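The values are calculated or read from the model by the stated rules, or taken from the named source; none is laboratory data. Predicted, not measured: the structure shown is a model, and the values here were computed from it. Here the Cβ is made from the backbone with ideal geometry for all residues, glycine too, and neighbour counts use every protein chain on show.
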Amino acid sequence: MERYNKPPLTYTEQMELLKSRGMTIPDEKRAERLLANISYYRLSAYMLPYKKSEDGMILDAFKTGTTWDMIYNLYVFDRKLRLLVFDAIERLEVSIRTQIIYQLSHKYGSHWQDRPDIFNPPTEITLRDGRKVTLDVYNDIQKHIKEQLHNNKAEVFIQHYRNKYDTPENPPSWMSVEIMYFIEGIYQAMANADEDGNASVVVSWENNIKQDPEGFEKSIKDEISKISQAQGWADINEDRYGKLDLKKIEDFEQLIAKIAKCSGDTAWLRHHADRDVYRKLRMAFCKKRDKDDTDKAIYRLCCIGLVDDVTIDYLSQTYELKIHKRTDEEFKQYMLDFFRKYYSTEQAQKKVNEIDKQEGRNYLDKCLGYLTAFVYDNLEKKRYRAIEDMRIACEDSIIERQANGDDEWLKEFIHLYFNSKYARTGYQVNGKPYSLKDDTDIDGRDGFDVVQKYIEIINPANDNSGSEIDNIKHLYGATLLCLRAHPDNAALQLLLTYCITVLGAGNNETLKSNAYNNYIEGFMSLSQNTDSEVWNYIDQFNSYLASKVRDDDDFIRDKLIENGKKMITLFIHEEKINEIVNKYLNI
């Protein structure tokens, strides 16, 4: 025996080693790229048939005529063969399991798995290495079922059984055996990964709710009745107003609209945004997983690098996922690459650092939880913001066209939206940095100092590259663009209010609403970070608005300049009162 002391080789060095041993590599760049994805160690097993041998010993040198493609093609063939075998085994397993359930259920009843009398008693056997083990099939099955039931309480068909039946404790065999073998899912697949961390798992397009639609419908109606009683709203009355028909409802908003219709009570719609009231109903509804939900989940698994490849089987309506087990550091790199699509490298790294604070059993759990929240919260807000920007631009362009007879305003808006000087990375005025993108994206700044900085720079005395109106248009475009990436940034929200005030809201109700909402949200955010200082900021900001508001803009003058501080005071005090009530009255 000797000590292993071989140094790690770069991909280029691995290529040179293969060539020095007699392998012909026509396309070295392609081969090096494949090595980076497959690994030298994994391919080395496929090199053995092409190596020379002497006295029964395999040598390092390759046989004459051995090429890279020979090795790679053998690897591809083996991979495809394994997938075919796995597919056949999976189909056999499903068929055998189905027959076991069917035959034993008809002979011994629905809960045969809970009858110890039909199983062989515990038996002690001796293994080849001399160790003695006890085979206890009945207790092993019971232990496995209980573990899976504990891990899968969220499954609707299990909840339905437990809500309706108290005896026997375990669900019938067709439910118990199903969860026994397949609900371990991806974690089980990862646990059984090969030496290179690769595994395969089959996922149905839809979950078990399709098998138990009555249970799913009951869980929804139960939550509706609970809300009805708690809020004093009318419950659904299908005999009078028509069927709820959950099969035709695609999202939660449609569900609320349908409940309002089937109950004859519009209160359901008026409070549609109340997350606390609808939390349990939303959770019950979201347990349904259809093909679109599965597609989104697989996309997230691909984003974090867990899924390498997906094969669709339209006949069985399943996906076969090629799983690759990775280290926490590898998951972090995949998450960083994902966030770079939306943020600068610095901001993307901050997002990755936040994953550690996410709840989860392990880092993979944390990644999935954080990514799900990011997709539904941040990206939804960004897309809404972008759509809203374009909608407002179209409304304004119609007004401007009616007044001037051309589309120059819209052309200018689009140009400044995507090409504002204040949105350029590294933009400077008189040698000082004035990039709103750098301040909010790279540096993550959102304080009132950012508001002051850009309100002051638009004065031609400070930035003479354009007139004041040109500068404010550039600031407006930069603010809208940066808000797409950071919709909750207080500085950007207040700058948007300022730009709308200077440019004028006119008769555009959407612009007025945007100015008001961003004023309130901006200062509410600042109040959480600066507390007492926020009152000075409001006074200073209102003085900025007062100096620029148009004579005919009564909305800005009344709602913000004269009464804005009062509204912020009311909202802050309301939040404080709610905190006290929740803390001491446990409401």
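If you go through segment 22-37 and keep only what is outside any helix (DSSP H, G or I) and exposed (fewer than 15 other Cβ atoms within 10 Å of the Cβ), you end up with Thr24, Pro26, Asp27. When we screen Ile520, Ile457, Ile442 for residues that are more than 23 Å from Glu575 (Cα to Cα), free of Cβ contacts under 8 Å to residues at least 60 places away in the same chain and out of contact with any Pro (no Cβ under 6 Å at 6 or more places or on another chain), the only hit is Ile457.
For segment 115-158, the tally of residues that are closer than 30 Å to Met283 by Cβ and at pLDDT 75 or above stands at 1. Only one of the listed residues (Leu475, Leu410, Leu480, Leu371) is surrounded by 16 or more Cβ atoms within 10 Å (Cβ to Cβ), over 26 Å from Leu526 (Cβ atoms) and at pLDDT 70 or above. That residue is Leu371. Check whether at least one residue in segment 312-327 is hydrophobic (A, V, I, L, M, F, W, C), touching a residue at least 60 places away in the same chain (Cβ under 8 Å) and not assigned by TED's automatic domain parsing to the domain that holds Asn37, and report yes or no. Yes, that holds for at least one residue. Among the residues in segment 38-47, are any surrounded by 11 or more Cβ atoms within 10 Å (Cβ to Cβ), free of Cβ contacts under 8 Å to residues at least 12 places away in the same chain and not in a helix (DSSP H, G or I)? No.
Scanning segment 42-83 for residues that are β-branched (Val, Ile, Thr) and over 20 Å from Tyr11 (Cβ atoms) yields Ile58, Thr64.
Among residues of segment 456-471 being surrounded by fewer than 22 Cβ atoms within 10 Å (Cβ to Cβ) and aliphatic (A, V, I, L, M), the one that is modelled with the highest pLDDT is Ile457. Ser95 falls short on exactly one of the conditions (1) in the same structural domain as Glu28 (by TED's automatic domain parsing); (2) modelled with pLDDT of 70 or more, and that condition is (2).
Per the conditions (1) outside any loop (DSSP other than H, G, I, E, B); (2) modelled with pLDDT of 85 or more; (3) of a type in the set (Asp, Glu), the sole criterion not satisfied by Asp446 is (1).
Would you kindly identify the helices (runs of 4 or more DSSP H) lying entirely within segment 222-310 that contain at least 2 residues that are under 19 Å from the mean Cα position of the chain (by Cα) and of a type outside the set (Gly, Ala, Ser)? Once the helices (runs of 4 or more DSSP H) in segment 222-310 are filtered for at least 2 residues that are under 19 Å from the mean Cα position of the chain (by Cα) and of a type outside the set (Gly, Ala, Ser), what remains is 275-286, 291-303. Every residue in segment 353-363 that is surrounded by 19 or more Cβ atoms within 10 Å (Cβ to Cβ) and over 13 Å from the mean Cα position of the chain (by Cα), please. Result: Tyr363, single match.
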